[in-house]
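Values quoted throughout were computed directly from the atomic coordinates according to the rules given, and no laboratory measurement underlies them. In this text the structure is predicted, and so the values were computed from the model without any measurement. Cβ placement follows ideal geometry from the backbone for every residue including glycine, while neighbour counts extend to all protein chains displayed.
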Amino acid sequence: MLERPLILTGFMGSGKSSVGRVLARRLGCPFTDLDAEIVAAAGRSINDIFARDGEQAFRDMESECLELVINRLPAVIATGGGVVIADRNRSRMRTLGIVVNLGVSLPQVMKRLHGATDRPLFAGSDAANSVKLLMDDRKQFYADADIRIDTDGKSVEDVAAEILRFLEELRA
Ligand code: S3P
């Protein structure tokens, strides 16, 4: 049983939601997808929030929803890739949860997100360049985690198994 929420961070396409679902099943606890919580609370899609209200409005909703879900226990929480930008979010996640960062390379992101239309920050003909800039900017924030796991070349099951081993070590 988890005593603190297990929080997955990582760039778009790092597999947070897929790994989170597997982990929640294995741990026998509920799975929460922060993006889905925001969409449910706002009654609008993420694309629509970005397009009509702008990124900052989305970030404010993201922080509010994080505060709600981080207090539910037990839980496995998959966050959106940009949750780590705000100092307060990182500090709340580190204080209240166990933060697992899923690392992913630029080529993998491009492969996994190929054709995606539901991510406003992954769009346009120059997506590879903007993704690279975003990844570079966020590197320092993703490092703020209890453990970092590289996901390149690994299956969802492999990554989940690595996290479960880490949780066992924490308990030992
Ligand atoms: C974002 C990542 C998305 C979503 C939004 C912004 C980001 O979540 O929160 O489009 O800033 O990296 P995923 O990481 O689940 O794709």
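Per DSSP H run of n ≥ 4, the term is -39500 (n - 2.57); total these for the chain, divide by its residue number, and report the mean residue ellipticity at 222 nm rounded to 500 deg cm²/dmol.
Working: 8 runs with 93 residues, N = 172.
The helix-only estimate for the chain comes to -16500 deg cm²/dmol at 222 nm.
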| said: Loop-only GluC sites (Glu not before Pro) in the range 1-105, please: DSSP not H, G, I, E or B, and at most 16 other Cβ atoms within 10 Å. | reply: Glu3
| field | Charge dipole (debye, nearest 20) of the chain; +1 at Cβ of Lys and Arg, -1 at Cβ of Asp and Glu | value | 260 debye
| remark: Exposure proxy check on Met1, Met12: fewest-to-most Cβ neighbours within 10 Å is Met1, Met12
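Counting only other residues whose beta carbon sits under 9 Å from that of Thr9, what net charge do I get with K and R as +1, D and E as -1? Mind dumping the intermediate values first?
Numbers: positive: Lys16, Arg90; negative: Asp144.
In short, +1.
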| Given that compact globular proteins tend to follow 2.2 N^0.38 Å, what is the ratio of the alpha-carbon Rg of the chain to that value? | 0.99
| task | Calculate how steeply helix 127-142 sits against the longest principal axis of the alpha-carbon atoms of the chain, using the helix alpha-carbon long axis, and give the answer as 0 to 90 degrees to the nearest 10. | result | 40 degrees
| said: Charges on Cβ only, +1 for Lys and Arg, -1 for Asp and Glu, centred on the Cα centroid of the chain; of Ile163, Met61, Ala145, which one is farthest towards the dipole's positive end? | reply: Ile163
| remark: Going from the fewest other Cβ atoms within 10 Å to the most, one would list Lys154, Lys139 as Lys139, Lys154
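Taking other Cβ within 10 Å of each residue's Cβ, how do Ser17, Ser155 sort, fewest first? Could you put the intermediate results ahead of the total?
Working: Ser17 18, Ser155 13.
Least crowded to most crowded, the residues run Ser155, Ser17.
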| said: Among Met110, Val22, Leu8, which residue has its Cα furthest toward the positive end of the charge dipole of the chain, with +1 on Lys/Arg Cβ and -1 on Asp/Glu Cβ? | reply: Val22
